[in-house]
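Scroll down for the structure; my scribbles are underneath it.
Nothing in this text is a laboratory measurement; each read-out follows from the coordinates by a stated rule. Small disclaimer: the values here were computed from a predicted structure and weren't measured. All Cβ positions, glycine included, derive from the backbone under ideal geometry; neighbour counts span all protein chains shown.
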Amino acid sequence: MTSAPAFVTYEFAERKELCLSAAAQSPCRVMLVPPLFDEMNRLRKMMVDVMRSLAALEVGSFLPDLPGTNESQIALERITLSDWQTAIQACAQQHEISHIASFRGGALTVTAMDKASHWIFSPVKGATILRTMLRTKVAADRESGLNTSLADLTAKAEAGPIELAGNILGSNLFAQMNAAEIPELNNQRIIRLESDNKPSDMQIPGSALWLRAEPDDDLAMSSAIAEDIAVWITK
């Protein structure tokens with residue numbers, strides 16, 4: 001019987017951040033890097049399902065909380081994209097993980113690491129993430145009788161903190177996200193959905209859960225993701 005996922009920690013900026021782990025004692029281990037902002041919440045159930053499926057395949061996994069998210073004691077508005085990149089690298093080093101699987105915008109928090117291999121699911125540019133959040137804010141303001149535009153909100157975000165999709169982003173994080181391109185990493189494998197015609201190494205059937213209004217799951221997709229990661233790790 002596979003043990004249930006449990007919390008461990010990693011150190012960042014002289015603080016301890018939480019990291020969910022499953023089958024951590026397995027010789028084959030991977031770190032799952034979550035999507036960003038509201039997509040992180042929508043895909044959380046799927047990420048945990050992937051961890052359980054990986055454990056059944058005798059692959060250990062770690063899912064770190066990014067600083068400024070979930071139970072982190074650091075306010076998000078103080079965090080930059082560079083901080084997230086440093087935190088992901090620290091978590092990988094502290095738990096001796098050389099296989100990194102990042103999801104959606106989580107790929108933007110991953111930087112080149114010596115001897116690391118990278119699996120990336122449906123990567124997206126930072127500007128694309130921000131544009132979706134800004135459009136959601138414009139629509140919400142309109143329903144409240146406010147007349148704002150993408151240009152207005154962008155100018156506000158460049159000048160100071162701004163709340164988007166329930167997240168307070170500092171101007172530095174906004175600027176770094178806006179400039180962030182999908183990284184090209186060592187030994188990388190890109191996976192996309194069958195409905196996505198962008199370049200990839202493999203396509204899998206499944207649902208774009210990050211577009212749902214509420215968190216949801218797709219057990220067949222989670223299982224397919226876990227199986228592909230397990231094969232990739234053991235090559």
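Observations, loosely collected:
- For the chain, excluding the exposed loop sites themselves (GluC sites (Glu not before Pro), DSSP loop, at most 15 other Cβ atoms within 10 Å), the longest remaining stretch covers 97-180.
- Residue order, fewest to most surrounding Cβ atoms within 10 angstrom, among 114, 218, 141: 114, 141, 218
- Taking other residues whose beta carbon is less than 12 angstrom from the beta carbon of residue 101, and scoring Lys, Arg as +1 and Asp, Glu as -1, yields +2.
- The range 93-173 - percent relative contact order, Cα under 8 Å, separation 6 or more: 20 percent
- Over 28 Å between alpha carbons, listed pairs 16/198; 198/235; 45/137: 16/198
- Cα gyration tensor category, rounded, prolate or oblate, for the range 1-77 with a/c compared to 1.5: oblate
- Mean sequence separation of contacting Cα pairs (under 8 Å, at least six apart), scaled by the length of the range 126-181, corresponds to a relative contact order of 41 percent.
- Neighbour counts of C-beta atoms inside 10 Å place 128, 69 in the sequence 128, 69, starting with the fewest.
- Based on C-alpha pairs under 8 angstrom that are at least 6 apart in sequence, the chain has a relative contact order of 22 percent.
- For the range 74-230, a/c is not less than 1.5, where a ≥ b ≥ c are the root eigenvalues of the C-alpha gyration tensor, and a/b does not top b/c. That puts it in the oblate class.
- Positive contributions from Lys and Arg (+1) and negative ones from Asp and Glu (-1), summed over other residues with Cβ under 14 Å from the Cβ of residue 53, come out at -4.
- Assuming charge only on the beta carbon of Lys and Arg (+1) and of Asp and Glu (-1), the dipole of the chain about its Cα centre is about 180 debye to the nearest 20.
- Global geometry of the range 126-181, whether rounded, prolate or oblate, following the gyration tensor of its Cα atoms and the 1.5 cut on a/c: prolate
- Among beta bridges from DSSP that stay inside the range 1-100, the antiparallel ones total about 75%.
- At 1.306 mPa s and 10 °C, Stokes D of the range 1-45 from Kirkwood alpha-carbon radius, µm² per second: 127 µm²/s
- Nonlocal amide H pairs with residue 33, under 5 Å, H built at 1.01 Å: 101, 102, 103
- The range 1-37 and the range 111-125 have Cα centres spaced 17 Å apart.
- Residue 184-residue 8 pseudo-label distance in nm [points 7 Å out on the Cα-to-Cβ vector]: 3.4 nm
- Estimated purely from DSSP H runs of n ≥ 4, each contributing -39500 (n - 2.57), the mean residue ellipticity at 222 nm for the chain is -11500 deg cm²/dmol once divided by its residues.
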